[in-house]
Amino acid sequence: NKWFMTQATADRAGLLDDVKALVQHPDFSWTNPNRLRSVVSAFASSMEHFHAPGGAAYAWLGDAIEKVDKINPQVASRLAGAFALHKRYDAERGELMRAQLSRIKALPGLSKDTFEVCARSLA
């Protein structure tokens, strides 16, 4: 898990593409909560790369939350918390994060846990 986390938090150009490749690695598993957090949560904690202009990382995390919610709702709800502080960011980033929260909240079959995090964050 440390190797995955080190890769997901490296300060280098193209980190989002590297993270997308990491989740395709044979030793990565969406069903292993520790491995999942070592990549997805670690990347979401990267101020420079996760919050890069344009919101591509936000969209990727939104897709990851959608996938994980079907497997492990508790982990998905924790991941959704990465968008909870949207009010602390500039208007552009805040709106992009709110858009992901709204999109996730509207997903059919969304778990109660993830729904509550999204709803509370949007309130």
Checked against the positive end of the charge dipole of the chain (+1 on Cβ of Lys and Arg, -1 on Cβ of Asp and Glu, about the Cα centre), the farthest of 121, 101, 59 is 121
Straight-line reach only, C-alpha to C-alpha below 16 angstrom: list the lysines that residue 20 could link to, leaving out same-chain residues fewer than 8 apart.
67
Each label sits 7 Å from Cα toward the beta-carbon; between residue 120 and residue 45 the label points are separated, in nm, by 2.0
When only C-alpha pairs under 8 Å and at least 6 residues apart count, what is the relative contact order of the chain, in percent?
21
Give me the percent of the accessible area of the chain that comes from carbon and sulfur atoms, probe 1.4 Å, all protein chains in place.
53
Could you work out which residue, out of 51, 25, 86, moves most in a Gaussian network model of the chain, that is, has the largest mean-square fluctuation with Cα springs under 10 Å?
25
Ellipticity estimate at 222 nm from DSSP helix runs (n ≥ 4, -39,500 (n - 2.57)) divided over the chain, nearest 500
-17000 deg cm²/dmol
If you look at just the Cα atoms of the chain, how large are its Rg and its Dmax in Å?
13.6, 39
At most 16 other Cβ atoms within 10 Å and a DSSP loop assignment: could you name the chymotrypsin sites (Phe, Trp or Tyr not before Pro) in segment 47-123 that fit?
89
Enumerate the calculated ³J(HN,Hα) couplings along segment 43-48 in order (Karplus 6.51 cos²θ - 1.76 cosθ + 1.60, θ = phi - 60°), each rounded to whole Hz, writing x wherever the residue is Gly or Pro.
5, 5, 8, 7, 4, 5
Diffusion coefficient, µm² s⁻¹, Stokes-Einstein with Kirkwood Rh over alpha-carbon pairs of segment 57-123 at 10 °C and 1.306 mPa s:
139
Bins of 5 Å from zero: percent of alpha-carbon pairs in segment 10-55
5, 21, 32, 23, 14, 5, 0
Whole number in Å², please: accessible area per residue of the chain, 1.4 Å probe, ligands, DNA and RNA not counted.
54
Students often forget the sequence filter, so: which aspartates and glutamates lie under 12 Å Cα-Cα from residue 87 once same-chain residues fewer than 8 apart are removed?
95
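The values are calculated or read from the model by the stated rules, or taken from the named source; none is laboratory data. This one's a predicted model, so the numbers in the text were calculated from it and none came from an experiment. Counting neighbours? That spans all protein chains shown, and the Cβs are built from the backbone with ideal geometry, glycine included. Quick note on the areas: whole protein, heavy atoms, side chains included, nothing else; ligands and nucleic acids left out. Shrake-Rupley method; radii C 1.70, N 1.55, O 1.52, S 1.80 Å.
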